[in-house]
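J.: Sharing a structure with you now.
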Amino acid sequence: MKKHWWKESVIYQIYPRSFMDSNGDGIGDIPGIISKLDYLKDLGVDVIWLSPVYKSPNDDNGYDISDYREIMDDFGTMEDWELLLKEMHDRGLKLIMDLVVNHSSDEHHWFVESRKSKDNPYRDYYIWRPGKDGKEPNNWKSTFSGSAWQYDENTDEYFLHIFSKKQPDLNWENPKLRQEIYDMMKFWLDKGIDGFRMDVINFISKVDGLPDAPNPDGKKYVSGSKYFMNGPKIHDFLQEMHREALADYNVMTVGEMPGVNVEQAKLYTDESRNEVNMVFQFEHVDLDSGPGGKWDLKPLRLTDLKNNFTKWQTGLEDIGWNSLYLNNHDQPRMVSRFGDDQQYRVESAKMLATFLHMLKGTPYIYQGEEIGMTNVRFDSIADYKDIETLNMYNEKVKQNGEDPKKVMESIYVKGRDNARTPFQWDDTENGGFTTGTPWIQVNPNYKEINAKQAVEDENSIYHYYRKLIQHRKEQPVIVDGRYDILVPEDENIYVYTRTLESQKLLVLLNFTNEEQAFEVPLNLQGKKNEILISNYKTSEGYGSQVSLRPYEAIVYLIEE
Ligand code: NOJ
């Protein structure tokens, strides 16, 4: 496989609204980020993915962009952004920007024009259709509840919005629109950025005719996802984007792609096809959802997780490349979801980090993960801010009369605001995030869980991440080694090896709060080995059996 800087990198995601506020307005901002770059440099990460900082009315916290070439006032100015890029590059950090081009804001001037009349030059920048029998053009449901169509009186037509009604979908069938996007990408590339994270980029090609989705239960709206995920022209569009915008720059691209499977991911990331470098896929974060979708809670089985990761690790072994993540700004906190955020918070957070960072692919750390930040439980729905959560609550409780307690429980487990509470810097008021009133409440556990404590404690989760990142820089087997799973049927422990020539890693992970035993296979016994990293104090070397304490993780480096 070819060497690339992005294969050897660790990426850190910043959700700017919740990272660091410099001016006391309660909203994180770019000067705030600059003030924390040394913290990130010390952590050892290589690349920062910045969630959107463009001008936006914030219906979906910046994922609804009203000007792709301006910075949001809440976050600062273009000068602040230029300084951020310089300060990052001075420290050897790379910057990737969020590219949100499946949709814009309805306040973008393209849409303001588009809705004026059917013959407006911008009409075809969006997806407009007349109604069908006095109803929406089809039965697709928006990701954020309700119909995916919004009626506009002015021209007596509907526009498509897969997300909120303030996020109209752009019409990628229109070559002029595509050219505008490529020009905009070059505007940022020419400023010297190092790549793009592409928001729901596999949604940009829709099936011709936008047909109704099958609806055996006669529901009002149903997911139309199979008509817009991985659509018929998606590969053409991505290849064109590469040719027109990206080919001349040494940058990385990661495509966020809900609903992508391994075979499709291979096509997207096969280097010879020039589409994207890696995909950000969702299969492993759907394993704890029932048939009713995300909010339909289902316990996670470790074997499901193992089978899924194994499928992706082996599927992209020779062609393509994986992104590795367990949480981000759309997902609950990893330690609350896959570990134990109470008694074994520190152990389980380190175990999960070991799991991810020893796999093949590029690891992503979501802000606060490195100090073991947890989910939050606000008493009242009024304290929640996320449009997905609020729309779902309204639909289920106010329209369908469902039990609010049950719905709140699902929000506690799955809601996106779990990830969006302010970063906990220290134990002062509001966790040191702001001197004002934070736009969303701080998790009350900031007195115990905060970066200051973590940096001062050499046994903290933070220092453990530093070591993991350091090992990646020193051990080629972590980047390039082949993955093999052991004891695939075991419901308690996850064991895998990575192999590169004469080097082997044996990764032992206890996913439970009880002791577990691992029988070392004969072919690994009697080999020279040392412990590369572990989350408990452990004596050197293994014999025929290893006993693992609650959430224990041990990585052995074996020389053959
Ligand atoms: C995916 C983003 O990660 C999420 O935060 C956003 O709401 C949707 N795409 C729509 O842009």
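J.: First compute the accessible area of region 118-167 with a 1.4 Å probe, then give the percent of it belonging to carbon and sulfur atoms.
T.: Roughly 43 percent of what the probe reaches on region 118-167 is carbon or sulfur.
J.: On full extension of the chain, what length is gained from Leu500 through Lys527, given 0.36 nm per residue of separation minus the C-alpha to C-alpha distance?
T.: Length gained, Leu500 through Lys527: 8.2 nm.
J.: Going through the cross-link list Lys7/Lys504; Lys41/Lys452; Lys414/Lys447; Lys135/Lys233; Lys298/Lys504; Lys36/Lys306, which pairs have a Cα-Cα distance over 26 Å in this structure?
T.: From the list (Lys7/Lys504; Lys41/Lys452; Lys414/Lys447; Lys135/Lys233; Lys298/Lys504; Lys36/Lys306), the Cα-Cα distance tops 26 Å for Lys135/Lys233; Lys298/Lys504; Lys36/Lys306.
J.: Once you have a ≥ b ≥ c as the square roots of the Cα gyration tensor eigenvalues for region 481-559, tell me rounded if a/c is under 1.5, and otherwise prolate or oblate according to whether a/b is larger than b/c.
T.: It is prolate, given that a/c is not under 1.5 and a/b is the larger ratio.
J.: Could you check the simple spin-label distance between Glu317 and Arg129, using points 7 Å along Cα→Cβ, in nm with one decimal?
T.: Placing both labels 7 Å beyond Cα along the Cβ direction yields 4.3 nm.
J.: With a sphere of radius 11 Å drawn around the Cβ of Phe19, what net charge do the other residues whose Cβ falls strictly inside it have (Lys, Arg +1; Asp, Glu -1)?
T.: It works out to a net charge of +1.
J.: Suppose accessible area is computed on protein heavy atoms with a 1.4 Å probe; arrange His103, His109 from highest to lowest.
T.: The ordering from most to least exposed comes out as His109, His103.
J.: Which peptide among 189-200, 295-306, 380-391, 214-225 comes first, and what is the full order, when sorted by highest mean count of other Cβ atoms within 10 Å?
T.: Descending mean neighbour count gives 189-200, 380-391, 295-306, 214-225.
J.: Same structure again: Using mean Cβ contacts within 10 Å as the protection proxy, how do 272-278, 252-258, 485-491 order, highest first?
T.: 252-258, 272-278, 485-491
J.: What FRET efficiency would be calculated for the residue pair Asp304, Ser225, taking the C-beta separation as r and a Förster radius of 22 Å, to the nearest 0.05?
T.: 0.55
J.: While we're on this one: Helix 175-189 against the longest principal axis of the chain: what's the angle in degrees, Cα atoms only, rounded to the nearest 10?
T.: It works out to around 40 degrees.
J.: Compute the accessible area per residue over region 435-560, keeping the other protein chains in place, probe 1.4 Å, unit Å².
T.: 47 Å²
J.: Calculate, for Asp236 and Arg549, the FRET efficiency according to 1/(1 + (r/R0)^6) with r their C-beta to C-beta distance and R0 56 Å; round to the nearest 0.05.
T.: Computed FRET efficiency for Asp236 and Arg549 comes out at 0.60.
J.: Measure nothing fancy, just the Cα-based angle from helix 302-315's long axis to the longest principal axis of the chain, in degrees from 0 to 90, nearest 10.
T.: Computed tilt is about 80 degrees.
J.: Right, something else. Sort 453-461, 327-335 for me by packing, meaning the mean count of neighbouring Cβ atoms within 10 Å per residue, highest on top.
T.: Going from most to least packed, we get 327-335, 453-461.
J.: Shifting gears a bit: Go ahead and estimate [θ] at 222 nm for the chain from helices alone: -39,500 (n - 2.57) per DSSP H run with n ≥ 4, summed, over the residue count, rounded to 500.
T.: -7000 deg cm²/dmol
J.: In degrees between 0 and 90, to the nearest 10, how far off the longest principal axis of the chain does helix 345-357 point, with axes built from Cα atoms?
T.: The two axes meet at around 80 degrees.
The values are calculated or read from the model by the stated rules, or taken from the named source; none is laboratory data. Computed from a predicted structure; not experimentally measured. Positions of Cβ are backbone-derived with ideal geometry, glycine not excepted, and every protein chain shown enters the neighbour counts. Please note that ligands, DNA and RNA were not included when accessible areas were found on the heavy atoms of the full protein model with its side chains. Shrake-Rupley method; radii C 1.70, N 1.55, O 1.52, S 1.80 Å.
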